[in-house]
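Before any comments, here is the structure.
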Amino acid sequence: MPKALSIAALLATAAATPAAAQRWVPEAGTHAYRYESVQHIPSQPDRGARIDYDLVADGKGGAVAVVRAVWKSEGGTYTPIAVDDPCRTALHAGAGELARVTLYPISKQTAETLGADFMALCAPRELYFSMTDLLNLALIQASPQFGLASLAKPGDSQRFEPFRIVQDRLGITTDSQAAGGTTRFAALDGGIAAIDWAPDSMTISFTDRTAIPGRELLIEGTGHFGFRVEIDRATGTMLRAHTTTNRFDVVVNVPDAPPIPMTFTSEVTVGPRP
């Protein structure tokens, strides 16, 4: 099941942040990052992913993630994931790359579905769901919908509008909605701004067609999700980011069995690549 929910539908076809707010938008250039996630599900080993990627920024909000390597993890052990040549071609990869994914701008249709237009269907699960987290981070800085450009000093905050996302990918349909959320200028330390981005509590449902062959597993409940992003105010460059909360309180409806209440959590971190 996906560990994080995309906010891309809020983007639609919004224009890049105005020039007056460029300090919040990465200046043109390329920066190397490592993404890591780990998911905790009761009675199961921890699972997660690691992505090494370059973020190519055009200085106007446009951002492309160039994926260099992907690993999956189980119980703390990391295993590299190979992507074959036909899939690399479908993922727009160049020499020495596994994929090139446009994070901003994207079309309204792509934003609403995050389907094949966003990333070819051959993409491994770990790459696809990790990239939705990186999409969120790009949009926090680039999309006017989240009001980052209006935040001038620590303590300032901006509400953003309600959203609903419906995704169908890798045998899992996800339906999530929230009444809105808040972007907040949390702190400023030596020219580094800490931004907290958090949707309101989300109503969520997952229909998993992969867990039990020939049957559907329905998972329903609420999700709580948020990121803290650290930004260099002089250049707009994201220095690092991490989830402040990523928790799902759900009921698992297993065929021919009583519903099972469950809480699962995950953590995501992004920082400079070693």
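The values are calculated or read from the model by the stated rules, or taken from the named source; none is laboratory data. Please read these numbers as outputs of a predicted model, since none were measured by experiment. Here the Cβ positions follow ideal geometry from the backbone for every residue, glycine too, while neighbour counts run over all protein chains shown. Note: accessible area is taken over every heavy atom of the protein model, side chains too, but ligands, DNA and RNA are not part of it. Shrake-Rupley method; radii C 1.70, N 1.55, O 1.52, S 1.80 Å.
Only a single item in (1) open to solvent by 50 Å² or more (accessible area, probe 1.4 Å); (2) within 22 Å of residue 112 (Cβ to Cβ); (3) at pLDDT below 95; (4) in contact with a strand residue (DSSP E or B) (Cβ under 9 Å, 6 or more places away or on another chain) is not met by residue 170, and it is number (4). Inclusion of residue 193 among residues that are open to solvent by less than 20 Å² (accessible area, probe 1.4 Å) and at pLDDT 95 or above is warranted. Taken over region 58-82, the criterion of being without any contact (Cβ under 8 Å) to a residue 40 or more places away in the chain, in a strand (DSSP E or B) and not acidic (Asp, Glu) is satisfied by 64, 66, 68, 69, 73, 77, 78, 79, 80. Residues in region 154-185 that are under 26 Å from residue 24 (Cα atoms), part of a loop (DSSP other than H, G, I, E, B) and without any contact (Cβ under 8 Å) to a residue 60 or more places away in the chain: 154, 155, 156, 162, 179, 180. Open to solvent by 20 Å² or more (accessible area, probe 1.4 Å) and either under 26 Å from residue 240 (Cα atoms) or of a type in the set (A, V, I, L, M) (or both), is that true of residue 124? Criteria met by residue 124.
The C-beta contact set for region 101-114 (first residue on the phi > 0 side of the Ramachandran plot, second residue outside any strand (DSSP E or B), distance under 7 angstrom, 6+ apart or interchain) comprises 114/6; 114/8; 114/132. Can you find a residue in region 133-153 that is at pLDDT 90 or above, hydrophobic (A, V, I, L, M, F, W, C) and more than 23 Å from residue 55 (Cα to Cα)? Scanning region 133-153 turns up at least one residue that is at pLDDT 90 or above, hydrophobic (A, V, I, L, M, F, W, C) and more than 23 Å from residue 55 (Cα to Cα).
Residue-wise test of (1) β-branched (Val, Ile, Thr); (2) modelled with pLDDT under 90.
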residue: 186; (1), (2): no, no
residue: 200; (1), (2): no, no
residue: 207; (1), (2): yes, no
residue: 213; (1), (2): no, yes
residue: 217; (1), (2): no, yes
residue: 222; (1), (2): yes, no
residue: 229; (1), (2): yes, no
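When region 50-78 is filtered for residues that are over 30 Å from residue 144 (Cβ atoms) and hydrophobic (A, V, I, L, M, F, W, C), the ones remaining, listed by number, are 69, 70, 71. Restricting region 212-244 to residues that are open to solvent by less than 30 Å² (accessible area, probe 1.4 Å) and either touching a Pro at 6+ places or on another chain (Cβ under 7 Å) or not in a strand (DSSP E or B) (or both) leaves a set whose member that is nearest to residue 25 (Cα to Cα) is 236.
Candidates in region 241-253 are the residues that are closer than 28 Å to residue 214 by Cα and in contact (Cβ under 8 Å) with a residue 40 or more places away in the chain; of these, the one that is farthest from the chain's Cα centre (by Cα) is 250. Of note, residue 110 satisfies the criterion of being closer than 21 Å to residue 55 by Cα and part of a helix (DSSP H, G or I).
Checked against the criterion of being closer than 30 Å to residue 215 by Cβ, within 17 Å of the chain's Cα centre (by Cα) and outside any helix (DSSP H, G or I), region 131-153 contains not a single residue that satisfies it. Does region 261-268 contain any residue that is on the phi < 0 side of the Ramachandran plot, open to solvent by less than 40 Å² (accessible area, probe 1.4 Å), in a strand (DSSP E or B) and in contact with a Lys or Arg (Cβ under 6 Å, 6 or more places away or on another chain)? Checked against the condition, which is being on the phi < 0 side of the Ramachandran plot, open to solvent by less than 40 Å² (accessible area, probe 1.4 Å), in a strand (DSSP E or B) and in contact with a Lys or Arg (Cβ under 6 Å, 6 or more places away or on another chain), region 261-268 yields at least one hit.
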